[in-house]
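Here's the structure, in structure tokens; my notes come after.
Rule-based calculations on the coordinates, nothing more; no lab input. Treat the numbers as computed from the prediction; the structure is a model and nothing was measured. Glycine gets a Cβ as well: all are built from the backbone with ideal geometry, and neighbour counts include every protein chain shown.
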Amino acid sequence: MAKVSVGGMAVGYIDASPSECDVTRWIRPGDNDIEVTVIGTLRNTLGPHHGNAALGAARPINFQQAPNPGPPAGDGYSTVPYGLAGPFVLKRIEKAIGSVKESAVTSPTGQQTNEHGFFRLSSQLKECSIRVLTVEGCPGFVILPLNATRKPTPWVWTAPTLLPKFPDAYCAWMFAAFLDHGIAIAGIDVGESYGSPAGVRLYGSFYDYVCRECGLAPQPCLLPRSRGGLMLYNWACQNPQRVKCIAGIYPVCDLFSYPGLATASTAYGLEEAQLRLNLGNYNPIDQLQSLAKAKVPILHIHGDRDEAVPLEANSSALIRRVQELGGDARLLVVPGQGHNVSDSFFKNQDLVDFVLEHLRR
């Protein structure tokens with residue numbers, strides 16, 4: 001257990017997951033003294049110190065088990081370890097105001113996310129402000145660097161944002177690298193849209209809001225991961241002038257490849273045959289002319305053992321087509337890796353350097 005104090009006054013206790021204490025009402029403008037006091041068990045003081053008695057139960061016999069002769073060496077005592085599992089972190093989480101409805105981050109079914117991926121990720125990020133919001137009923141977030149000096153703030157738009165699962169803690173390393181360079185990260189959960197027109201429209205609403213109300217720059221770097229490729233590429237193909245660059249981690253680029261037309265047709269509100277007939281209007285791999293013409297820089301990182309999102313049908317095909325159209329595209333193939341969370345993808349310095357290079361311009 002830990003006691004949390006602000007300005008010398010106890011304001012709460014932490015005794016269970018998710019190991020958080022809301023201190024908002026006690027924080028004042030300027031400097032604040034925040035103290036976390038770990039409260040240990042009296043077991044180490046009062047005993048029993050011998051015989052490895054079970055926690056939570058002590059009987060007279062437990063105090064009669066000291067070695068003879070005694071006292072024993074220090075490592076002969078039964079003690080209970082306690083203390084902080086790691087340094088505590090002060091996070092600022094704001095709710096959106098104005099034209100956007102106030103909301104905690106929830107999944108589309110309304111499940112609170114405090115103990116899931118997004119908040120596990122946020123607990124690993126330092127020196128940032130996290131703003132949660134909803135746009136047209138869809139939950140979203142903006143992670144703002146506290147050291148931002150450029151206005152408007154450059155930012156990375158990540159997809160999929162499928163709360164409470166994505167983005168997850170595997171993104172922490174590269175997100176921290178972006179924040180360290182004054183770059184924000186944002187995303188919106190529109191459900192499993194697979195890049196449908198309805199999802200693209202909601203992406204447009206989110207873009208308009210965060211640029212207007214959160215001070216984000218008009219040209220983000222897009223960070224599509226896996227099926228996030230369908231979502232971000234379909235928005236980007238319609239808005240090439242609003243894209244600074246695209247850095248993809250094994251992104252889906254072809255609806256045929258994933259999730260297949262039968263599954264995608266539901267999100268598109270079409271029969272499978274209708275989607276097949278109009279696929280050229282919806283498939284990222286078939287809509288790259290605008291990005292190539294605008295010379296939007298593209299970098300994909302993809303494993304050559306990816307069975308879920310095969311390299312050849314997705315990143316290889318997209319990069320090749322953009323190059324054939326005269327665009328700026330590059331592919332980094334990771335040997336021996338599949339559709340996983342390897343450091344080769346999520347702690348990739350080449351990807352981070354690519355994003356920093358273009359967002360600094």
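One table, with the values for the structure above:
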quantity: Bridge type composition, the chain - antiparallel percent by DSSP, nearest 5; calculated: 50 percent
quantity: Residue among Pro152, Pro164, Pro69 with the largest mean-square fluctuation in a Gaussian network model of the chain, springs linking Cα atoms under 10 Å; calculated: Pro69
quantity: Arg225 long-range amide H proximity, modeled H, under 5 Å; calculated: Ala159, Ile249
quantity: Cα-based convex hull, the chain, per residue volume (Å³, whole number); calculated: 190 Å³
quantity: Kirkwood Rh in Å, taken over segment 288-345 so that all alpha-carbon pairs contribute; calculated: 11.8 Å
quantity: Listed residue (Phe206, Leu318, Leu331) projecting farthest to the positive dipole end of segment 92-359, Cβ model; calculated: Phe206
quantity: The chain - mean residue ellipticity at 222 nm from DSSP helices (-39,500 (n - 2.57) per run, n ≥ 4, rounded to 500); calculated: -7000 deg cm²/dmol
quantity: HN-Hα J in Hz across segment 126-135 - Karplus 6.51, -1.76, 1.60, θ = phi - 60°, x for Gly and Pro; calculated: 10, 6, 8, 10, 10, 10, 10, 7, 10, 10
quantity: Length-normalised contact order for the chain - Cα pairs under 8 Å, 6+ apart - percent; calculated: 11 percent
quantity: Zone of Arg360's modelled label, taken as backbone nitrogen in segment 172-190 under 15 Å from a point 7 Å along Cα→Cβ; calculated: 177-183
quantity: Relative contact order computed over segment 128-272 (Cα-Cα under 8 Å; 6+ residues apart), in percent; calculated: 24 percent
quantity: Nearest-0.05 FRET efficiency for Arg150 and Phe88, computed from C-beta distance (R0 25 Å); calculated: 0.25
quantity: Amide H partners (placed H, <5 Å) of Ala184, local residues excluded; calculated: Trp155, Val156
quantity: Isotropically averaged projected area of segment 263-361, using the convex hull of Cα atoms (one quarter of hull area), nm²; calculated: 7.7 nm²
